[in-house]
1. Does residue 91 satisfy being free of Cβ contacts under 8 Å to residues at least 40 places away in the same chain, part of a loop (DSSP other than H, G, I, E, B) and of a type outside the set (Phe, Trp, Tyr)?
2. Looking only at residues in the stretch 134-182 that are open to solvent by 50 Å² or more (accessible area, probe 1.4 Å) and in contact with an Asp or Glu (Cβ under 7 Å, 6 or more places away or on another chain), which one is modelled with the lowest pLDDT?
3. Quickly run through the stretch 60-83 and pick out the residues that are without any contact (Cβ under 8 Å) to a residue 24 or more places away in the chain and open to solvent by 50 Å² or more (accessible area, probe 1.4 Å).
4. Could we say that residue 117 is over 26 Å from residue 169 (Cα atoms) and among the polar types (S, T, N, Q) here?
5. Within the set of pairs 6+ apart or on separate chains, which have a first residue in the stretch 104-127 that is farther than 22 Å from residue 87 by Cβ, a second that is polar (S, T, N, Q) and modelled with pLDDT of 95 or more, and C-beta atoms under 7 Å apart?
Amino acid sequence: MHLLSIVLLTLAVSFASPTLAQDAAPARVSPLLSDFIYGLYCTQEPDRRDPAPATASGVINIVPVVPDFPFHQTIVPAQLGIGFGVLASAPLGATYAPVTVTVTHPPYPDNDITVEQWITDIDAGRNLMGFSFDHAHELVLGPWTFSATTLEGEELFHIAFEVVAPELLPQVISTCFGAFTS
(Lines give C-alpha, C1' and ligand atoms only; values in the text may rest on other atoms or scores of the structure.)
Protein backbone atom coordinates (compact mmCIF):
# COMPACT_ATOMS: atom_id res chain seq x y z
CA MET A 1 0.00 0.00 0.00
CA HIS A 2 2.83 2.41 0.86
CA LEU A 3 4.49 1.80 -2.53
CA LEU A 4 1.21 2.56 -4.29
CA SER A 5 0.99 5.88 -2.41
CA ILE A 6 4.50 6.83 -3.51
CA VAL A 7 3.77 5.92 -7.14
CA LEU A 8 0.51 7.90 -7.07
CA LEU A 9 2.24 10.90 -5.46
CA THR A 10 4.98 10.77 -8.10
CA LEU A 11 2.43 10.61 -10.91
CA ALA A 12 0.36 13.41 -9.38
CA VAL A 13 3.42 15.64 -9.06
CA SER A 14 4.54 14.83 -12.61
CA PHE A 15 1.19 15.68 -14.18
CA ALA A 16 -0.12 18.36 -11.84
CA SER A 17 3.09 20.36 -11.60
CA PRO A 18 5.21 20.47 -14.74
CA THR A 19 7.73 22.60 -12.82
CA LEU A 20 8.53 19.59 -10.63
CA ALA A 21 8.46 17.13 -13.50
CA GLN A 22 11.17 19.01 -15.35
CA ASP A 23 13.64 21.71 -14.45
CA ALA A 24 12.78 25.36 -14.97
CA ALA A 25 13.76 27.26 -18.11
CA PRO A 26 17.50 27.88 -18.47
CA ALA A 27 19.08 30.91 -16.93
CA ARG A 28 19.98 34.07 -18.80
CA VAL A 29 23.77 34.28 -18.65
CA SER A 30 25.84 37.15 -20.03
CA PRO A 31 28.77 36.41 -22.34
CA LEU A 32 30.79 38.50 -19.83
CA LEU A 33 30.90 35.39 -17.61
CA SER A 34 33.27 32.53 -18.40
CA ASP A 35 31.53 29.99 -16.17
CA PHE A 36 28.06 29.65 -14.63
CA ILE A 37 26.76 26.74 -12.55
CA TYR A 38 23.50 26.60 -10.63
CA GLY A 39 22.11 24.18 -8.13
CA LEU A 40 21.68 23.06 -4.55
CA TYR A 41 24.23 22.53 -1.81
CA CYS A 42 24.41 21.47 1.82
CA THR A 43 25.09 24.47 4.04
CA GLN A 44 28.14 24.86 6.24
CA GLU A 45 28.98 27.02 9.21
CA PRO A 46 30.21 30.42 7.98
CA ASP A 47 33.71 31.73 8.70
CA ARG A 48 32.23 35.16 9.18
CA ARG A 49 29.14 37.24 8.50
CA ASP A 50 29.54 40.41 6.46
CA PRO A 51 27.12 43.33 6.70
CA ALA A 52 24.35 43.33 4.09
CA PRO A 53 21.76 45.86 5.21
CA ALA A 54 19.41 45.20 2.28
CA THR A 55 18.86 41.57 3.38
CA ALA A 56 16.29 40.38 5.92
CA SER A 57 19.01 39.21 8.34
CA GLY A 58 21.29 42.21 7.73
CA VAL A 59 24.26 39.95 6.95
CA ILE A 60 25.55 37.46 4.39
CA ASN A 61 27.38 34.30 5.39
CA ILE A 62 30.94 33.91 4.13
CA VAL A 63 31.74 30.20 4.04
CA PRO A 64 35.22 28.66 4.47
CA VAL A 65 35.00 26.57 1.29
CA VAL A 66 32.96 27.22 -1.84
CA PRO A 67 30.53 24.29 -1.83
CA ASP A 68 30.06 21.71 -4.53
CA PHE A 69 26.56 21.53 -5.99
CA PRO A 70 25.54 17.86 -5.73
CA PHE A 71 22.24 18.74 -7.42
CA HIS A 72 22.30 20.80 -10.62
CA GLN A 73 18.62 21.72 -10.59
CA THR A 74 16.31 24.62 -9.86
CA ILE A 75 13.77 22.75 -7.74
CA VAL A 76 14.66 23.34 -4.06
CA PRO A 77 13.28 21.67 -0.92
CA ALA A 78 12.22 24.11 1.80
CA GLN A 79 14.46 22.61 4.49
CA LEU A 80 16.75 24.23 7.03
CA GLY A 81 20.37 23.48 6.13
CA ILE A 82 19.80 23.50 2.36
CA GLY A 83 21.38 26.18 0.19
CA PHE A 84 20.89 27.07 -3.45
CA GLY A 85 22.25 29.56 -5.93
CA VAL A 86 24.99 29.98 -8.48
CA LEU A 87 28.73 29.77 -8.94
CA ALA A 88 29.90 32.36 -11.46
CA SER A 89 33.32 33.25 -12.84
CA ALA A 90 34.67 36.13 -14.87
CA PRO A 91 37.30 35.49 -17.55
CA LEU A 92 40.90 35.29 -16.37
CA GLY A 93 42.12 38.80 -15.55
CA ALA A 94 38.63 40.33 -15.35
CA THR A 95 36.82 41.43 -12.20
CA TYR A 96 33.33 42.85 -12.05
CA ALA A 97 32.95 45.09 -9.01
CA PRO A 98 30.72 46.14 -7.52
CA VAL A 99 28.01 43.67 -8.49
CA THR A 100 24.54 43.86 -6.98
CA VAL A 101 23.00 40.46 -6.29
CA THR A 102 19.21 40.51 -6.02
CA VAL A 103 17.13 37.64 -4.66
CA THR A 104 13.34 37.77 -4.96
CA HIS A 105 10.96 35.40 -3.23
CA PRO A 106 7.42 35.16 -1.87
CA PRO A 107 6.85 37.29 1.25
CA TYR A 108 8.27 36.09 4.55
CA PRO A 109 5.36 35.54 6.95
CA ASP A 110 6.80 37.71 9.73
CA ASN A 111 7.76 40.82 7.74
CA ASP A 112 6.52 40.63 4.11
CA ILE A 113 10.07 41.04 2.71
CA THR A 114 10.20 39.89 -0.94
CA VAL A 115 13.50 41.37 -2.20
CA GLU A 116 16.97 41.05 -0.71
CA GLN A 117 20.19 42.51 -2.10
CA TRP A 118 23.89 42.58 -1.35
CA ILE A 119 27.05 43.83 -3.01
CA THR A 120 29.86 41.52 -4.09
CA ASP A 121 32.38 41.10 -6.87
CA ILE A 122 32.88 38.41 -9.49
CA ASP A 123 36.44 37.51 -10.47
CA ALA A 124 38.04 34.55 -12.26
CA GLY A 125 37.57 32.29 -9.21
CA ARG A 126 34.47 30.34 -8.16
CA ASN A 127 32.19 33.04 -6.77
CA LEU A 128 29.20 31.80 -4.74
CA MET A 129 26.01 33.80 -4.78
CA GLY A 130 23.57 31.73 -2.81
CA PHE A 131 20.89 31.58 -0.20
CA SER A 132 20.82 29.12 2.67
CA PHE A 133 17.76 28.31 4.71
CA ASP A 134 18.94 29.25 8.21
CA HIS A 135 15.62 30.25 9.85
CA ALA A 136 12.13 28.74 9.74
CA HIS A 137 10.53 31.99 8.50
CA GLU A 138 12.65 31.76 5.31
CA LEU A 139 11.03 28.47 4.22
CA VAL A 140 8.51 30.07 1.85
CA LEU A 141 7.31 28.00 -1.07
CA GLY A 142 7.09 29.35 -4.58
CA PRO A 143 9.26 31.14 -7.13
CA TRP A 144 12.64 32.59 -6.14
CA THR A 145 14.95 34.45 -8.53
CA PHE A 146 18.63 35.35 -8.42
CA SER A 147 20.18 38.04 -10.58
CA ALA A 148 23.46 39.93 -10.66
CA THR A 149 23.98 43.35 -12.21
CA THR A 150 27.12 45.45 -12.65
CA LEU A 151 27.37 49.09 -11.58
CA GLU A 152 26.78 50.01 -15.24
CA GLY A 153 23.48 48.09 -15.24
CA GLU A 154 24.71 45.09 -17.26
CA GLU A 155 22.89 41.92 -16.22
CA LEU A 156 25.41 39.12 -15.62
CA PHE A 157 22.79 36.46 -14.93
CA HIS A 158 19.19 35.81 -14.00
CA ILE A 159 17.82 32.45 -12.90
CA ALA A 160 14.56 31.22 -11.41
CA PHE A 161 14.26 28.54 -8.72
CA GLU A 162 11.12 26.92 -7.33
CA VAL A 163 11.03 26.16 -3.60
CA VAL A 164 8.78 23.19 -2.80
CA ALA A 165 7.76 21.06 0.18
CA PRO A 166 10.76 19.02 1.38
CA GLU A 167 8.95 15.68 1.12
CA LEU A 168 8.96 16.09 -2.66
CA LEU A 169 12.78 15.87 -2.77
CA PRO A 170 13.86 13.29 -0.18
CA GLN A 171 17.05 12.53 -2.15
CA VAL A 172 18.31 16.08 -1.52
CA ILE A 173 17.51 15.86 2.19
CA SER A 174 19.21 12.47 2.55
CA THR A 175 22.33 13.71 0.73
CA CYS A 176 22.75 16.57 3.21
CA PHE A 177 21.51 14.92 6.40
CA GLY A 178 21.74 11.16 5.85
CA ALA A 179 17.99 10.58 6.30
CA PHE A 180 14.79 12.39 5.42
CA THR A 181 13.53 14.83 8.05
CA SER A 182 10.58 17.16 7.86
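1. On the way: free of Cβ contacts under 8 Å to residues at least 40 places away in the same chain: no; part of a loop (DSSP other than H, G, I, E, B): yes; of a type outside the set (Phe, Trp, Tyr): yes.
Against the criterion (free of Cβ contacts under 8 Å to residues at least 40 places away in the same chain, part of a loop (DSSP other than H, G, I, E, B) and of a type outside the set (Phe, Trp, Tyr)), residue 91 does not qualify.
2. Among them, the one singled out is 182.
3. Of all residues in the stretch 60-83, those without any contact (Cβ under 8 Å) to a residue 24 or more places away in the chain come to 62, 64-65.
Correct list: 64, 65.
4. Taking the combined requirement at face value, the residue satisfies it.
5. Going by the 7 Å Cβ cut-off, the qualifying pairs are 106/114; 107/114; 114/104; 115/102; 115/104.
Each row is one residue, and each column tells you yes or no for (1) surrounded by 14 or more Cβ atoms within 10 Å (Cβ to Cβ); (2) charged (D, E, K, R); (3) farther than 19 Å from residue 174 by Cα.
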site: 49; (1), (2), (3): no, yes, yes
site: 85; (1), (2), (3): yes, no, yes
site: 90; (1), (2), (3): yes, no, yes
site: 105; (1), (2), (3): yes, no, yes
site: 111; (1), (2), (3): no, no, yes
site: 132; (1), (2), (3): yes, no, no
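The values are calculated or read from the model by the stated rules, or taken from the named source; none is laboratory data. No experiment lies behind these values; they were computed from the predicted model shown. Neighbour counts run over all protein chains shown; Cβ positions are idealised from the backbone, glycine included. Please note that ligands, DNA and RNA were not included when accessible areas were found on the heavy atoms of the full protein model with its side chains. Shrake-Rupley method; radii C 1.70, N 1.55, O 1.52, S 1.80 Å.
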